[in-house]
Amino acid sequence: MKVWNVRSKFAMGLLVAAIAGSASAASLKTAISPVGSDPGLGLKEALVNAYSSSFAGYIGVSGDLSTTLTLTFASNQIDFVRVVDVDDTSAVGSGGPLLLKSGPGAADDDYWKDGTVKARVEAKIAGLGHDLLINDGSSDTTIFAGATPGQSTTQLLGPNFSWALETTAGKRFSSDPLLNKDGIDHMVTFEVIGLSSLKTWVIAWEDLPAYSSDTDYNDLVVQVSIVPLPAAVWAGLSLLSGLGVARRMRRA
């Protein structure tokens, strides 16, 4: 899989077909809860700290990380809606890839598909260092090396990839639990509603294996947002389309 820098291949973002994958009824697959019992800062608190200043007049937080967590402000709210992991015991990615532009639909968060995105590290509450990567089934592409809060990048992510987290303890975890040696889900995903009109996601990682996990899922928290195509690009592509129609008319 090729990953293009958005500045050099920006127009390629138009070539994505936003067709939701179909799936049978979903069931929770997460082996350990994303709520956890971390004695330090948990995922809920990490999200509150990262997003409570997004709008004026923060009031409070309610809800549950297993379904929907809501941050309420004076004039609006932000909902973090959990993307349910389907039971993949019969087939890898049986829920279909999650479409960055239009998902989740019936998709799970094991595999993702297509989108020009801005990724930003929102929180990192861990003693270990982390690299965040994507994998197309044959090779890795690094998104963040030595991820730190505030770090961001904009890239075009191609079809059918999984996320991967590598730690300075020599461990590697995938968004597909079937690829993890301990067999558990080390990444949970939330669709973020109310922050932007564009599709926005949060992926949250647990960086310890099952036998020593603190089940906090706050070790690395990354926001993934769709980047809109500039009006100039749309105009250019429209012009090209119009020229093609004109040529066909002349031939006729």
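The values are calculated or read from the model by the stated rules, or taken from the named source; none is laboratory data. Everything numeric here is computed off the predicted structure, so don't read it as measured data. Positions of Cβ are backbone-derived with ideal geometry, glycine not excepted, and every protein chain shown enters the neighbour counts.
Once segment 54-89 is narrowed to residues that are assigned to a loop (DSSP other than H, G, I, E, B), under 21 Å from the mean Cα position of the chain (by Cα) and not aliphatic (A, V, I, L, M), the residue that is modelled with the lowest pLDDT is Asp88.
Within segment 172-217, being assigned to a loop (DSSP other than H, G, I, E, B) and either over 27 Å from Lys118 (Cβ atoms) or without any contact (Cβ under 8 Å) to a residue 12 or more places away in the chain (or both) holds for Asn180, Lys181, Asp182, Gly183, Ile184, Ser197, Leu208, Pro209, Ser213, Asp214, Thr215. Applying the criterion of being β-branched (Val, Ile, Thr) and within 20 Å of Val192 (Cβ to Cβ) to the residues of segment 102-141, the residue that is farthest from the chain's Cα centre (by Cα) is Ile125. Counted as qualifying within segment 105-159 are the strands (runs of 3 or more DSSP E) with 3 or more residues that are in contact with a helix residue (DSSP H, G or I) (Cβ under 9 Å, 6 or more places away or on another chain), namely 115-123.
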